[in-house]
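Take a look at the structure below.
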Amino acid sequence: MLKAVGIIAEYNPFHNGHRYQLQQARHLSGADVVIVVMSGNYVQRGEPALLDKWTRSAAAIENGADLVMELPLNTAVQPADRFARGGIYALAGLNCAAVAFGTEQPDLNYAQLGQQINDLPAEPAAFIDYSQTYATQLNAVYQERLHVRLDDPNVILALGYAAANASLMNPMTLVPVPRVAVDHDEPGAVGHFASASALRQMWTRDFASAYVPTSAWQLYQDAPVVRWEDLWPYLHYRLLTMTPVQLREIYQMTEGLEYRFIQQNRDAASFSDLLKRVKTKRFTYSRLSRVALYTLLACTNQEMNNTQGPLRVLGFSPIGQRYLKQIRSQEESTVITNVNAKNGADTAPYGLTIRADRVYTLVNGHSQNFGRAPFQYRKDE
């Protein structure tokens, strides 16, 4: 039986630090197979992925991943805690023995902290200070109760993974991987490493290639780039034509945000301008960007709260293909290899992702689902 370690990722875009993490995950866990559950064409902060899911998946497979599965949209673009929970449940459903994650604080006892987080009493009253974001208030609670400071997004996600994992009947082994050289949002670069956010900012410059594996950079050359500003005209139109009542049907459109979005959209000149106009102390830019994305894609509460659904195979190596056969022989499969008229219908569990990808295709220009087969890496055969 093959043993698997899982990673939850966005690879937006895939770079040298990600390749290092794949190598360390395999080494530290002793696993035979490295499985990645990866966000598709939209990512957790409420943005379109810079490069499409097929390009990013191929880059990962060519640089150490054995199997890349797509996180459904209603997991991939959730707030951090729900994103973490959805990713962990996906890996558990794929029978992973361990889960690896990058962190600036690898020496924390994540298994213990995860259980402590789950044991915290639910206190909604602790999060009604409208002068602060939810994340700021959550940080204060964690400092007080757990004596952990959440200054880094990776630690926040790591604790989310730990809490979700601790809730499983059979928790996976947690494998913290020390992050190297640069922080998640650091704008610069050190050595051969740069953060994904830095790479997105420097994308049009030749020196971005120094921080990306050669095989990945070659894949990137022919891949169209998609940014929020490319989608702005479609969002602007939707907000111009929707009523507050209609907007309230959109996921997380609460606390009067429907009025702010409609009013501020009228004079907004760009997507970034819209967010600046809507911004208050109560909401982070990430929260507002996600709400804008939900609006663009017409994501309803019912669709986004239905987290059950199949995982789609985006790419595999020979040993990854063997692992797929192994898990399919053990239980009823919840894995999609190819999209067809049945599983790709708008009303099917994968339908929300299909619909959202059609919008991405408006800018990207390439079909993202029908007629697309998983990337197969054959070099090591």
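Data overview
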{"read-out": "Pair list, Cβ < 6 Å and 6+ apart or interchain, from segment 91-103 residues that are under 17 Å from GLY64 (Cβ atoms) and in contact (Cβ under 8 Å) with a residue 12 or more places away in the chain to residues that are among the aromatic types (Phe, Trp, Tyr) and surrounded by 20 or more Cβ atoms within 10 Å (Cβ to Cβ)", "value": "PHE101/TYR161"}
{"read-out": "Contacts under 6 angstrom Cβ, first residue in segment 13-31 being under 19 Å from ASN95 (Cα atoms), partner open to solvent by 20 Å² or more (accessible area, probe 1.4 Å) and assigned to a loop (DSSP other than H, G, I, E, B), 6 or more apart", "value": "LEU22/GLY64; ALA31/LYS3"}
{"read-out": "The one condition in (1) out of contact with any helix residue (DSSP H, G or I) (no Cβ under 6 Å at 6 or more places or on another chain); (2) assigned to a loop (DSSP other than H, G, I, E, B); (3) at pLDDT below 95 that VAL148 fails to fulfil", "value": "(1)"}
{"read-out": "Which numbered condition VAL226 fails, given (1) surrounded by fewer than 19 Cβ atoms within 10 Å (Cβ to Cβ); (2) over 24 Å from GLN302 (Cα atoms); (3) not polar (S, T, N, Q)", "value": "(1)"}
{"read-out": "Qualifying residue in segment 245-267 (condition: on the phi < 0 side of the Ramachandran plot, in contact (Cβ under 8 Å) with a residue 24 or more places away in the chain and over 25 Å from the mean Cα position of the chain (by Cα))", "value": "yes"}
{"read-out": "Exclusive hit being in contact with a His (Cβ under 8 Å, 6 or more places away or on another chain), of a type in the set (A, V, I, L, M, F, W, C) and surrounded by 17 or more Cβ atoms within 10 Å (Cβ to Cβ), set LEU239, LEU231, LEU199, LEU257", "value": "LEU199"}
{"read-out": "Counted residues, segment 322-331 - those being at pLDDT below 95, assigned to a helix (DSSP H, G or I) and open to solvent by 50 Å² or more (accessible area, probe 1.4 Å)", "value": "4"}
{"read-out": "Segment 288-307, residues that are more than 16 Å from the chain's Cα centre (by Cα), crowded, with 22+ Cβ neighbours inside 10 Å and either of a type in the set (Lys, Arg) or in a loop (DSSP other than H, G, I, E, B) (or both)", "value": "CYS299"}
{"read-out": "Residues of segment 272-287 satisfying the condition of being without any contact (Cβ under 8 Å) to a residue 60 or more places away in the chain and open to solvent by less than 20 Å² (accessible area, probe 1.4 Å)", "value": "LEU274, LEU275, VAL278"}
{"read-out": "Criterion violated by ILE88 - all others in (1) modelled with pLDDT of 90 or more; (2) part of a helix (DSSP H, G or I); (3) farther than 18 Å from ASN154 by Cα satisfied", "value": "(3)"}
{"read-out": "Pairs, first at pLDDT below 85 in segment 297-314, second among the β-branched types (Val, Ile, Thr), C-beta under 7 Å, six or more apart", "value": "THR307/THR75; PRO310/THR334; PRO310/VAL335; PRO310/ILE336"}
{"read-out": "Given (1) at pLDDT 95 or above; (2) surrounded by 16 or more Cβ atoms within 10 Å (Cβ to Cβ); (3) hydroxyl-bearing (Ser, Thr, Tyr), number of the condition TYR220 does not satisfy", "value": "(1)"}
{"read-out": "Residues located in segment 160-179, provided they are touching a residue at least 60 places away in the same chain (Cβ under 8 Å), assigned to a helix (DSSP H, G or I) and aliphatic (A, V, I, L, M)", "value": "ALA163, ALA164"}
{"read-out": "Conditions (1) hydrophobic (A, V, I, L, M, F, W, C); (2) out of contact with any helix residue (DSSP H, G or I) (no Cβ under 7 Å at 6 or more places or on another chain); (3) buried (at least 22 other Cβ atoms within 10 Å of the Cβ): number failed by LEU108", "value": "(3)"}
{"read-out": "Segment 1-20, residues that are under 18 Å from the mean Cα position of the chain (by Cα) and of a type in the set (Ser, Thr, Tyr)", "value": "TYR11"}
{"read-out": "Some residue of segment 96-111 being in a loop (DSSP other than H, G, I, E, B) and under 23 Å from GLY351 (Cα atoms)", "value": "no"}
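The values are calculated or read from the model by the stated rules, or taken from the named source; none is laboratory data. Model, not experiment: these values are computed from the prediction. Reconstructed Cβ throughout: ideal geometry from the backbone, glycine too, with neighbour counts over all protein chains shown. Heads up: the accessible areas ignore ligands, DNA and RNA and are worked out on the full protein's heavy atoms, side chains in. Shrake-Rupley method; radii C 1.70, N 1.55, O 1.52, S 1.80 Å.
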